[in-house]
């Protein structure tokens, strides 16, 4: 017999199944922590819609200092972004009637996520992109400022290693703690323009592994903690003159949250989250906004090759408030404040080419070392420090069990 209170109790845990993105690629590894996000839910289907906004006007520099702007080598700039994301998730027993070892004895979770992002560079970097007068001198021709469109597609499948057995789940029997293991794939189907500093998609397929622990230590209290690892496929066409990484470094991210019921249907949560990304590799950058001044009769060109930053990291804290408008509908408001971090930056070597405009492998064309200039890493090379606000709406549809209840009494 189905527990009539089970749907309500488990619906309380549907918060934050969606990893709500911020302004850059690294946020794919940093979901917005809310209460009960790793708790197993009653078998059924769930929809989560979320809107997130950030001004993108603060960043952590390569030394870890918080500064105004976004790209210091270009001058005062901003990388604002708005995201509208949708996720469908399914919670279900798998091959329950076949009694397969490991597979049939526990609950599973599948997720599909897609969204739309509106983003356009502002300030000095946008002026640089629009300025055609220096295109020949900097090899920065045909640049753009906007990369709005659909975001990358994410597919995920996971199961609970303990705390969510398929037997007895329909009667509402479960322990206070559970552990989720999940594998996810990011497919680079999102909007991507090679000549803009911001994009809705990232042209970088990735695989992710997650362990998520849920614990309900007291009535109305939720503790959730997650650890995830991300590995990225090479970007064959890095954006904005290859100032975004060709190879994003492997990333380890974490999140932890504590939520408490204030009154029936209302929950307050506090959380922390962070990520550490290994050194990113940049391949054959084509220009910099600050090239060395060439002597008469020559020009300055970047030295081809591979360059690396010292890694990227960020730590954030935040708070959220979720209220149930009805048994199936939940409204959430969350505020996140980055408190520390470090962006990627590398020194790009330059050569003076004599005479100006000659072919580098031609007889009489000489390359002379011209020193190096700092270049700010874009996308996964950036740790933005701007605050983030998110408004979410969660809906549980198909309240009844749509799967065969093998062994259950009617």
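The values are calculated or read from the model by the stated rules, or taken from the named source; none is laboratory data. As the structure is a computational prediction, the values presented were derived from the model and not from experiment. With ideal geometry, Cβ positions are generated from the backbone for all residues, glycine too; neighbour counts draw on all protein chains shown.
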Checklist outcome for this item: All conditions in (1) more than 20 Å from residue 313 (Cβ to Cβ); (2) more than 15 Å from the chain's Cα centre (by Cα) are true of residue 271 except (1)
Next on the checklist: Step by step: first the residues of the stretch 78-113, then only those that are surrounded by fewer than 18 Cβ atoms within 10 Å (Cβ to Cβ) and within 23 Å of the chain's Cα centre (by Cα), then the one that is nearest to residue 39 (Cα to Cα). Which residue is that?
Outcome noted: 110
Checklist outcome for this item: How many residues of the stretch 264-314 are in contact with a helix residue (DSSP H, G or I) (Cβ under 7 Å, 6 or more places away or on another chain), assigned to a loop (DSSP other than H, G, I, E, B) and surrounded by 19 or more Cβ atoms within 10 Å (Cβ to Cβ)? The answer is 6
Item to check | Identity of the residue in the stretch 171-193, at pLDDT below 90 and surrounded by fewer than 21 Cβ atoms within 10 Å (Cβ to Cβ), that ends up nearest to residue 82 (Cα to Cα) | outcome: 176
Next on the checklist: Being exposed (fewer than 15 other Cβ atoms within 10 Å of the Cβ) and under 23 Å from residue 184 (Cα atoms): is that true of residue 162 here?
Outcome noted: yes
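The rows are residues; the columns are (1) at pLDDT below 95; (2) in a loop (DSSP other than H, G, I, E, B).
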site: 87; (1), (2): yes, no
site: 90; (1), (2): yes, no
site: 102; (1), (2): yes, yes
site: 108; (1), (2): yes, no
site: 112; (1), (2): no, no
site: 117; (1), (2): no, no
Checklist outcome for this item: Within the stretch 356-372, the residues that are over 20 Å from residue 296 (Cβ atoms) and either within 40 Å of the chain's Cα centre (by Cα) or in contact (Cβ under 8 Å) with a residue 24 or more places away in the chain (or both) are 372
Item to check | Scan of the stretch 195-205 for residues that are over 19 Å from residue 111 (Cβ atoms) and surrounded by fewer than 19 Cβ atoms within 10 Å (Cβ to Cβ), ordered by number | outcome: 195
